[in-house]
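One structure is given below, encoded as structure tokens.
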Amino acid sequence: MIIARTLPELLAARESLGPVALVPTMGALHAGHVSLIEAALRDSLPVAASVFVNPTQFGPREDFSRYPRDEAGDLAKLEAAGCALAWLPDVTTMYPPREATAVHVAGPSARWEGATRPGHFNGVATVVTKLFGQVRPAAAYFGEKDWQQLQVITRLVADLFLPVRIVPVAIKREADGLAMSSRNAYLSADERKAAPALYRALSRAVEDMHGGKETAKVLHNARQDLAVAGMVPDYVALVQAQTLEPLSGLLPPARLIAAAKLGHVRLLDNLAV
Ligand code: AMP
């Protein structure tokens, strides 16, 4: 595996590898990230993974400085998974002193995570555009775990005619249903036991919707399920899958999305409906 930390090193790697599939990450890698790499390997292009904890997508009161970092562990996992290239830029490489450009995607970024975390999707869209410019991947793999992010990036690539194919990858879950996330490392033992209630509440809601129960009632029940499990729901919503606009009834393609706080940890999950 080639490890590139500077733009000249990345350029040399690009020249030796030819077209690649890119898996962007913020590190603290887990089996969810590895499933993205495995999906990318099936594309039969060499796989490049980037590891960059992007400061611009964190709010001022968020966890940027204490976000889990484990470079040695990440490199071992990338190599074992079969990556051809690890791209590990530093902050100055991504945001050089005189840079003056940011990317704003309206539409799908407006609500939910966008409303709770102002500026978050600007940071995501900007860093992903920069990564695409640096790595120039033929394809890029993103997890459905971050459903809204996936729609924002799909919109961005379409609107800017970027020559990269966006490939979604299903959510990788723990045996008890909890969606894998680097932030799960913040959960205490008791919180970890309570955390699968989010997936259970969403699963029950999807069943009830398919059973014909009224959407407003189903969403209300789901919020109650979360409260009973000790969570503070931020939102539980049925949305149009691409635009993220709320739906009042089951009109496909729809997605059930949710965010809830468990102690200090914000959990995200979503299901197809
Ligand atoms: P992150 O390092 O959290 O920024 O995530 C990097 C990529 O991995 C994003 O495309 C995420 O959606 C994806 N990802 C994170 N967790 C999972 C998971 N449990 N299943 C599938 N993809 C995931």
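The values are calculated or read from the model by the stated rules, or taken from the named source; none is laboratory data. Bear in mind the structure is a predicted one, so any value in this text is a computation, not a measurement. No Cβ is skipped: glycine too gets one built from the backbone with ideal geometry, and neighbour counts run over all protein chains shown.
Checking the conditions here, which among V206, V228, V169 is modelled with pLDDT of 95 or more, β-branched (V, I, T) and touching a Lys or Arg at 6+ places or on another chain (Cβ under 9 Å)? So that I can check it myself, show each step before the final result.
On the way: V206 fails: touching a Lys or Arg at 6+ places or on another chain (Cβ under 9 Å); V228 fails: touching a Lys or Arg at 6+ places or on another chain (Cβ under 9 Å).
Residue meeting the stated conditions: V169.
Any residue in the range 175-203 that is of a type in the set (S, T, Y) sitting within a Cβ distance under 6 Å of a residue that is not in a helix (DSSP H, G or I)? List the pairs, counting only those 6 or more apart or interchain.
Within 6 Å, the pairs are S182/A28; S182/P68; Y186/V265; Y199/G177; Y199/D269.
Counting just the residues of the range 137-177 that are outside any loop (DSSP other than H, G, I, E, B) and among the β-branched types (V, I, T), which one comes out farthest from the ligand (Cβ to nearest atom)?
The first filter runs over the range 137-177 and keeps only residues outside any loop (DSSP other than H, G, I, E, B), leaving 139-159, 165-169, 173.
Those still in the list that are among the β-branched types (V, I, T) too: 152-154, 157, 166-167, 169.
Working: V152: 11, I153: 9, T154: 12, V157: 14, I166: 10, V167: 10, V169: 5 Å.
Within the range 137-177, the match that is farthest from the ligand (Cβ to nearest atom) is V157.
Would the range 249-261 turn up any residue that is buried (at least 18 other Cβ atoms within 10 Å of the Cβ) and either out of contact with any strand residue (DSSP E or B) (no Cβ under 8 Å at 6 or more places or on another chain) or farther than 25 Å from A106 by Cβ (or both)?
yes
F132 - would you say it is more than 10 Å from the ligand (Cβ to nearest atom) and closer than 20 Å to G59 by Cβ?
no
If the requirement is being in contact with a Pro (Cβ under 7 Å, 6 or more places away or on another chain) and within 21 Å of F142 (Cα to Cα), which of these qualifies: L156, L178, L162, L226?
Going through L156, L178, L162, L226 in turn, the sole match is L178.
Please verify whether Q134 is closer than 17 Å to L85 by Cα and outside any strand (DSSP E or B), treating the condition exactly as stated.
Taking the combined requirement at face value, the residue satisfies it.
Looking at Y67, is it closer than 17 Å to H30 by Cβ and either of a type in the set (S, T, Y) or touching an Asp or Glu at 6+ places or on another chain (Cβ under 6 Å) (or both)? Explain how you work it out, then say what you get.
Values: closer than 17 Å to H30 by Cβ: yes; either of a type in the set (S, T, Y) or touching an Asp or Glu at 6+ places or on another chain (Cβ under 6 Å) (or both): yes.
Yes, satisfied.
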